[in-house]
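> Right, I'll just put the structure down here and ask away after.
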Amino acid sequence: NARSAHACSKPLSVSFFPCRMQRAPVLLFLAWTCFLFFSAIGLFTSGFLLMRVELANHSSCSDALASPFRVDFGSCWLPRRFSRAILLIIDALKFEFARFDPSLREPHPYENKLGFLHELAIGQPRYGRLFRFRADPPTTTMQRIKGFTTGSLPTFIDAGSNFASYAIQEDNLVWQMAQNGKRVVFMGDDTWDGLFPGAFFRSYFFPSFNVKDLHTVDDGILQHLYQTVDGGEWDLLIAHFLGVDHCGHKHGPDHPEMAKKLSQMDEVHCLTTLANDTLLLVAGDHGMTGTGDHGGDTEEEVNAALFVYSKVPLFPAPPEPQTVPQVNLVPTLALLLGIPVPYSNIGEVMDDLFATEGDTATSVLAQLAAYNVNARQVDRFLHTYSLAAQDIPAEKLGRLQSLFSATVEEHEQVMAQAGFPELPQLERLRGQFRRYLWEARAVCAESWARFHPVRMVSGCALLTSSCLLCYIASRVSAGLSFSYRRLLWYPFLWGAAGAAGAGAMHLSGVATTDLLLLCSWAATASQVGFFWHCWAGHAGRSHAASARLPFGGLGLRQRLRVGLVPALGILLLRCGAMFSDSFVMAESQVVPFLLMSSVLLFVLGLHWNGPLREGSTKSWWLLGFLGIIVLTARLSGLFQQCREETPACRSSTLLAPLSKLQDPQAKNLSYALCLAVLASLAWGMRCWMRHYGNLNSPSAPVCFVRWGFPLLALGVGGFWAVTSGSEDDLAKLHAWVQLALVSFPRGVFALGAVGLLLLLCDPVTVFVRDSRNADPAMGAPIVSPSSQAELLHVIPQLYRRMQETLRSRLDAGKDRDRATVEAYGLGSVYSAALLIFLALLGFLLMMLHSERLSLAFLLLFLEAFALLWMQAYAVALSSSTSSSESEMFCCVNAYAVLLLYCNVFHPPLFSHLAPGSIYLVFLALHSICITFQINWFSSYQFSSLSHRWTTTQIAVGCPLLLLWPFLCEMPRSKGGKPKAEVSDREEQMMEMRLREAPEKFSAALLQLGLKYQIVLGAQLLACVLAAIILRRHLMVWKVFAPKFLFEAVGFVVSNIFLLLGIGLVMRVDCAVSAWFKRVILAQSR
């Protein structure tokens, strides 16, 4: 397609060899700075998000915990009241799902569906009762399972173990049942298999990762439940249903499918064969939000339901509304079944279940026996834990010990006195036990949220010095005197010496250290080495005027004119706003404003400098792209996702997946728009490569663009079609649907991996065309060079000959057979490889997100490319070096704001994490045959990564900020000469101009990466400072801690993909050098 590509694919006279880019040093320097930042993040996180110490102690029947009653054979600590128990866990059973209100005339699909529980609670109030079952955040499934099996509280960082279910090492109900000869049978969610490996007498596990599958787990349980109950070979039967939770994730609670699923749960009951010595419990592990998500600490998420029933009277009085913490189930169930309470339990017994027949005083006396055992067990745990961890304040521990001693002593006196105790005295004693247990739980919750100030301050200092190092390195690298030996290898040796010193201190016993501290010592020592050698060697002496501050030699007016102060002002404004919880909560409204402010100030700076006043065509194009950014930023409001702290805000319905739409016409229209986005991505990539001549190349990546991209679009579209169908339609083709749900993701990810491998193997997308006859006007053939000097002279000759050949061909238009060498796509070879990589990521990202978020991706694509075009036209309009440097800084700043813009679609909330993305990631890992211990990763890491994948495209595409102005280069006159007077040698060299000075090319890439890290590092530093200063703020765990975690994960992901993007540019440069070698050899022959 020479006609459409000739203007952009001309051969260019640039010396490219033997001068070489500093490829490895640039990547190593950026990798080193990433290591510095990562070490700082890890050090701060270890002090900010502490995990409690898990004790290895286990309770046993021989423990000296006194009981006033004679313990029968088969019971421990307290006479058992039941021999068996059935625990039916309905995942995400919100309290509103179980409550029945007959007065509702038009109930929601999730209301009034569990009528069987209502009939039991109303018809037999002394036999069954519904409780509000309050979960401790984070409300993730695995943390809730830990909570109501161990009786302990999860710490903040424990949320990361949800999908990487480590086996529970603490004492728990399942282990106690097995140790005391009880048979535990489980069926349902296979998460329990990882938590309690080999602990069950019999088990039926079903896969739980596919949140789009509503029936596999539930149907599997129903196949075994009733026959297992009738068989009688069990003492504790646990069935964990997942359909309600998956229905919430896929459709939301207010959907007809939720009504069907809850109606199915209403039919699950075992009362026909329930014996008098069997206790039935129906519980939810957590609730769900209005969108069907969970993980946070809102009232909707923490309020689950608990229904308790027995065929013998349980409750002495009519039911009253009660709220029961989930940890209270552990001591209650343990003592009712006659087994020891798990050692680390801090829950409180549900005293209503320990009341006996008779008068009130007798019932209270029986409750006091349970409270006495419960309090002694908690006191023993506090004593052991304080010795092991020493993180409970001594004064609070002493106050608890005094309260416990006084209460137990009074209880012993009451039990030893002659005659029957009076009821007021017993009730007051029961209140003291309750107070002690409540305060003990509160002290533990507060102590496990304590910080490590030294590590927090050290991590903050290391992060600050890392930002300063990147700034100094970005200024120093602008000079040709930049020495990688002095500023990279020597600091590396300093870091190795620091790590060796810390390791020696650890081995000698002088100080204890771990891997994180070792990395921090190495990072600190290497930074000291950098600053020392930078100062001692006076590396920045030739740039002293500019090394103090950007454009430090300019006055305020000049700084305003080059646009630096507005760019820094927006950056500082964004960082300063991190200290406000209101800003964090309203970030979705502020971020588009910051983006528009950045580009508007960018354009105003150009107008102030004068280029826009000329009214040239380039100026109008620049203003047009400004309008695109403003328009798309305004359209982003259509995808706004609200936080629960802003009840007046309403999340966009476009964020919901297609499966939640009930209108068939709206669903079909939305699906068509989503397919149009996929088609536009594949078609747009082909059009771009056709315009610049890269599509003519016979290389494997170009073939993949031609055929692989349509297949990727087809696979993603097919997966969306399957997941968006109604449950009734999917049930008819259940086997095929299950196959498609697995095959489409695996096929898409495998095809994407193949495309990436092809791109890395052969990234040169250039088409070379040779004619039969040589042009006699071109002179003698080029002789193969025999020395270095001859080679330097030959390369420009080859470029010049290619230019003259193509020019004569275009001017004459007749003698087409006279051209010797024609190259298409050479001037855009770097950008083509990056764009192919970005398109591949685009398909994979849209696979991980809901269907209609592809429209949001389209807005992000338009904004990013409009910003690149603005940068290109600004460089073309500007002639000042300092102004161009300021424009680069402003664009990097705006690009970082665009990265932050992803928070509009994915706010930093645990309840907005998408389990569906995690399931697809696991399918991808299986599809490309990666075999490693996946348990190293955590659910929080996968969930937050799935929401931070959108930052990867921005990070990978960051080198385009440097390449795009060269790609869009226009012929310009020099010295004010008319265009017609410009020498014929002035050609559109485009990206090949970068190869004229390889040292400057590598330095520019290094500067770009360092400036990108500075902007992101400053924002992360602001989050760290906010977390330190406001660590006692009321909203620290609600706002500032999640914000820090999400920004830290986003920073890590962005930097990794920044290295990949710059590394890809280096790989293309290496391949282009090899390509030119082949061209020279072919010409010499």
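The values are calculated or read from the model by the stated rules, or taken from the named source; none is laboratory data. The structure displayed is predicted, hence computed values, not measured ones. Because the Cβ atoms are built from the backbone with ideal geometry, glycine has one as well, and the counts that use them run over all protein chains shown. When the accessible area is computed, the model is the full protein with side chains, heavy atoms only, and any ligands, DNA or RNA have been set aside. Shrake-Rupley method; radii C 1.70, N 1.55, O 1.52, S 1.80 Å.
> Name the pairs: first residue in the range 286-313 and open to solvent by less than 10 Å² (accessible area, probe 1.4 Å), second residue modelled with pLDDT of 85 or more and among the β-branched types (V, I, T), Cβ to Cβ under 6 Å, at least 6 apart or on different chains?
F307/V282
> Within the range 665-694, how many residues turn out to be touching a strand residue (DSSP E or B) at 6+ places or on another chain (Cβ under 9 Å) and part of a helix (DSSP H, G or I)?
Applying the first criterion (touching a strand residue (DSSP E or B) at 6+ places or on another chain (Cβ under 9 Å)) to the range 665-694 yields 692-694.
Subset that is part of a helix (DSSP H, G or I): 692, 694.
Of the residues in the range 665-694, 2 are touching a strand residue (DSSP E or B) at 6+ places or on another chain (Cβ under 9 Å) and part of a helix (DSSP H, G or I).
> Between T360, T356, which is among the polar types (S, T, N, Q), without any contact (Cβ under 8 Å) to a residue 40 or more places away in the chain and at negative phi?
T356 is the lone residue from the list that is among the polar types (S, T, N, Q), without any contact (Cβ under 8 Å) to a residue 40 or more places away in the chain and at negative phi.
> I'd like the full set of residues that are of a type in the set (A, V, I, L, M) and either open to solvent by 60 Å² or more (accessible area, probe 1.4 Å) or assigned to a helix (DSSP H, G or I) (or both), limited to the range 26-52. Full working, then the answer.
At the first step, the residues of the range 26-52 found to be of a type in the set (A, V, I, L, M) are 26-28, 30-31, 36, 40-41, 43, 49-51.
Hits for the range 26-52 are V26, L27, L28, L30, A31, L36, A40, I41, L43, M51.
> Next question, about the same structure. State all residues of the range 342-373 that are charged (D, E, K, R) and at pLDDT 85 or above; if no residue qualifies, say none.
E348, D351, D352
> To continue, here is another question. Under 6 Å between Cβ atoms, at least 6 apart or on separate chains: pull out the pairs that start in the range 458-477 with a residue that is in the same structural domain as L1021 (by TED's automatic domain parsing) and closer than 14 Å to L488 by Cα and end on any residue that is modelled with pLDDT of 90 or more and assigned to a helix (DSSP H, G or I).
none
> In the range 96-109, what count of residues is obtained for those that are surrounded by fewer than 23 Cβ atoms within 10 Å (Cβ to Cβ) and within 19 Å of Q264 (Cβ to Cβ)?
Filtering the range 96-109 for residues surrounded by fewer than 23 Cβ atoms within 10 Å (Cβ to Cβ) gives 96, 99-109.
Cutting the leftovers down to within 19 Å of Q264 (Cβ to Cβ) gives us 96, 99-100, 107-109.
Within the range 96-109, residues that are surrounded by fewer than 23 Cβ atoms within 10 Å (Cβ to Cβ) and within 19 Å of Q264 (Cβ to Cβ) number 6.
> For the range 322-359, what are the residues that are in a loop (DSSP other than H, G, I, E, B), within 15 Å of N372 (Cβ to Cβ) and either of a type in the set (A, V, I, L, M, F, W, C) or over 37 Å from the mean Cα position of the chain (by Cα) (or both)?
Within the range 322-359, P340, V341, V349 meet the criteria.
> Further, regarding this structure: Could you tell me which residue of the range 1054-1063 is farthest from V829 (Cα to Cα), considering only residues that are open to solvent by less than 10 Å² (accessible area, probe 1.4 Å) and hydrophobic (A, V, I, L, M, F, W, C)? Even if it seems obvious, please write down each step before you answer.
Step one: of the range 1054-1063, the residues open to solvent by less than 10 Å² (accessible area, probe 1.4 Å) are 1054-1055, 1058, 1061-1062.
Restricting the remaining residues to those that are hydrophobic (A, V, I, L, M, F, W, C) gives 1058, 1062.
Numbers: L1058: 19, I1062: 14 Å.
Checked the range 1054-1063; the qualifying residue farthest from V829 (Cα to Cα) is L1058.
> Is there a residue in the range 710-717 that is modelled with pLDDT of 85 or more, under 15 Å from F837 (Cβ atoms) and not β-branched (V, I, T)?
Checked the range 710-717: at least one residue is modelled with pLDDT of 85 or more, under 15 Å from F837 (Cβ atoms) and not β-branched (V, I, T).
> Can you tell me how many residues in the range 650-704 are more than 19 Å from L759 (Cα to Cα), touching a residue at least 60 places away in the same chain (Cβ under 8 Å) and in contact with a Phe, Trp or Tyr (Cβ under 8 Å, 6 or more places away or on another chain)?
Within the range 650-704, residues that are more than 19 Å from L759 (Cα to Cα), touching a residue at least 60 places away in the same chain (Cβ under 8 Å) and in contact with a Phe, Trp or Tyr (Cβ under 8 Å, 6 or more places away or on another chain) number 7.
> Quick check on this structure: which one of W535, W521 is within 26 Å of I472 (Cα to Cα) and modelled with pLDDT of 85 or more?
After ruling out the rest, the residue left standing is W521.
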